[in-house]
Amino acid sequence: MRVIRLVRRSVSGAFVVACLSASASAQAPKPVAAVKPPKPLPRPDLPAGADPNDIRALLVFGNQALAKRPDDARRAFYWASRLDPLSGAPLQGQYDAWLLSDKWQRRAWMRGDRNQFDRGLDSLEQLAAMRDPFTASTHVMSLFRMYVVDENPRLNEVELDFAVDQYYRQSTSPSIQAYYAESDGRMKAALDAWAQAAKGLKSPWGIHATRGRIFRSIGMRDSAIAAYQTALAQRPEAKKGNKLVILYQPVALLHFALAQLHGEGNDVAAMQQDLEKALEEDASFWPAQLRLALLAQQRGDTAAALAGLELAAATSPSEPMVLMQLGYLQSAKGMIAEALATFKKVTELEPYYALPHLLMAQIYDHSDFAEEAVAAYSAHLALLPANTSSRAAITARIAALKGGQ
């Protein structure tokens, strides 16, 4: 079998949406036009009895189908992301399924040649990281297996299983061993292997970030923080001579990951400091802007929180996570017309997302706009899985509103 060298890929990339801290003195970035969602992919062919509106069922099906039916898996992950546009996991699933279904993109990934990547792949990876800076592929073994098939198309299933297993077990490459150990759930062995891999690189900052993610996954928060701080200290310059080096894990994201870790440890001061550093590196990095606004809200400074969210929404008009938080705060402050307009915008951007319809319905209901409340409740019901526990209560409320109660 042909010997294959795995190359560590970077995680996440440059960002295309804009935000700026309400307390920052720098000029706000220029607002960008809202991006109209592309035409939806076809629905996946789910097993009999599966609910197409059940996000969990779509994710389970996507993960099960990914190795053998990556096109179906990609559609399942796509629809999970449309039903829940605030989560990173469906986006990472789409990314993995795309690589598994596209031979040339898969080869580029395996060889570490990011210049050959489709921009859509980069966008998925970027957005997944902005949703969750610790998201990562859980399908590296499937990608490697498919790559072996590319290079050895005549292998049968038994030969393929044996070849892949032997290659991983016999490889002396620390990065190969790290991938294999993590996919097998042996996180301590993965950490040790990545530490060995870092010793052979001139700029191992990406590996330190990977170790930070793994440390966090096993509850070693302090070690995770130290690893991310090492990654920051060893990051390469944006330019090397006349050659542009594209950083797919920018400094802003590393600070964002650190901020999340500090937040998990209830170190609010350190969290705020790293969020501010993220914005110093990239004023258009909306995840930091959003969380700074939420920190202001937690301190009771709703004016600063509202200003921050309004600015983030103005510069990131297509970002549902920002808009949902803005709508929540507007509603809490009694800005009913503004909240309705914000939630309405989310439904226009993400028409398969059920929650904003419910929030609009509740606002209409409490404001005695029965007809509008019925329409919004009905839209919400149409997007819910059939077995949702709240369905009966919402149905009863629709009936009551129609009856004039």
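Got a sec to turn the phi values of segment 338-343 into Karplus ³J(HN,Hα) couplings, 6.51 cos²θ - 1.76 cosθ + 1.60 with θ = phi - 60°, whole Hz, x for Gly and Pro?
5, 4, 4, 5, 5, 5
Helix 187-199: angle to the longest alpha-carbon principal axis of the chain, degrees 0 to 90, nearest 10?
Roughly 60 degrees, rounded to the nearest 10.
Per residue, how many Å² of accessible area does segment 309-387 show with a 1.4 Å probe?
Values: 3200 Å² over 79 residues.
Here the residues of segment 309-387 average 41 Å² of exposed surface.
Note the full-extension length gain between residue 221 and residue 302 as 0.36 nm times their separation in residues minus their Cα-Cα distance, in nm to one decimal. Each step should come with its number before you reach the end.
On the way: separation 81, 0.36 × 81 = 29.16 nm, distance 3.04 nm.
Additional length available on full extension: 26.1 nm.
Filter 277/344; 202/277; 39/333; 39/68 down to the pairs with a C-alpha to C-alpha distance above 30 Å, please.
Numbers: 277/344 33 Å; 202/277 25 Å; 39/333 36 Å; 39/68 25 Å.
Cα-Cα > 30 Å for 277/344; 39/333; rest within.
Using only Cα atoms, find the angle between the long axis of helix 391-402 and the longest principal axis of the chain, and express it within 0 to 90 degrees, rounded to the nearest 10.
Around 30 degrees separate the two axes.
With a 1.4 Å probe and every protein chain kept in, tell me what percent of the accessible surface of segment 266-405 is carbon plus sulfur. Write down the numbers at each step before the final one.
Values: 3340 of 6260 Å².
Within segment 266-405, the accessible surface is 53 percent carbon and sulfur.
Bins of 10 Å, beginning at zero and ending with the bin holding the largest distance: percent of Cα pairs per bin for segment 62-152, please.
Each 10 Å bin holds this share of Cα pairs: 19, 52, 27, 2.
Return P(r) of segment 305-405 (all Cα-Cα pairs; 5 Å bins starting at 0; whole %; ordered from short to long distances).
2, 14, 23, 21, 18, 12, 6, 3, 0
Which value, in nm² and rounded to one decimal, describes the direction-averaged projected area of the C-alpha convex hull of segment 156-235? It would help to have the intermediate numbers written out before the result.
Details: hull surface 22.7 nm².
Mean shadow area of the hull around the Cα atoms is 5.7 nm².
When the Debye formula is applied to the Cα atoms of segment 257-367, each taken as the same point scatterer, what base-10 log of I(q)/I(0) results at q = 0.10, 0.11, 0.21 Å⁻¹?
At q = 0.10, 0.11, 0.21 Å⁻¹ the computed log10 ratios are -0.31, -0.37, -1.09.
If you average 1/r over every pair of different alpha-carbon atoms in the chain and take one over that average, what Kirkwood value in Å do you get?
23.1
Taking only Cα atoms and a 10 Å spring cutoff, compute GNM fluctuations for the chain and point out the largest among 310, 281, 125.
The residue with the greatest mean-square fluctuation here is 281.
State the answer as a single residue: which of 218, 285, 339 lies farthest towards the positive end of the charge dipole of segment 197-356, with beta carbon charges of +1 for Lys and Arg and -1 for Asp and Glu, about the Cα centre.
218
Please find the FRET efficiency linking residue 123 to residue 388, where r is the Cβ-Cβ separation and R0 is fixed at 45 Å, and quote it to the nearest 0.05.
On the way: r = 31 Å, r/R0 = 0.69.
After rounding to 0.05, the efficiency reads 0.90.
Largest first, what is the accessible-area ranking of 110, 141 with a 1.4 Å probe? List each step's numbers first, then the result.
Values: 110 0, 141 55 Å².
Largest accessible area first, the residues go 141, 110.
Quick one: Karplus J couplings for segment 282-295, per residue in order, coefficients 6.51, -1.76, 1.60, θ = phi - 60°, nearest Hz, x for Gly and Pro?
8, 5, 9, 8, 5, x, 5, 4, 4, 6, 5, 5, 5, 5
Send over a whole-number figure in Å² for the accessible area per residue of segment 96-234, probe 1.4 Å.
Value for segment 96-234: 46 Å² per residue.
Would you mind putting 375-381, 320-326, 395-401 in packing order, based on average other-beta-carbon counts within 10 Å, highest first?
Working: 375-381: 19.7, 320-326: 23.1, 395-401: 15.0.
In descending order of packing, they fall as 320-326, 375-381, 395-401.
Output the 0 to 90 degree angle, nearest 10, between the alpha-carbon long axis of helix 205-217 and the longest principal axis computed from the alpha carbons of the chain.
Between helix and principal axis, roughly 60 degrees.
The values are calculated or read from the model by the stated rules, or taken from the named source; none is laboratory data. What you see is a predicted model; the values in this text were computed from it and never measured. In this analysis, Cβ positions are derived from the backbone assuming ideal geometry, glycine residues included, and neighbour counts consider all displayed protein chains. Each accessible area value is taken on the protein alone, full model and side chains, heavy atoms only, with ligands, DNA and RNA left out. Shrake-Rupley method; radii C 1.70, N 1.55, O 1.52, S 1.80 Å.
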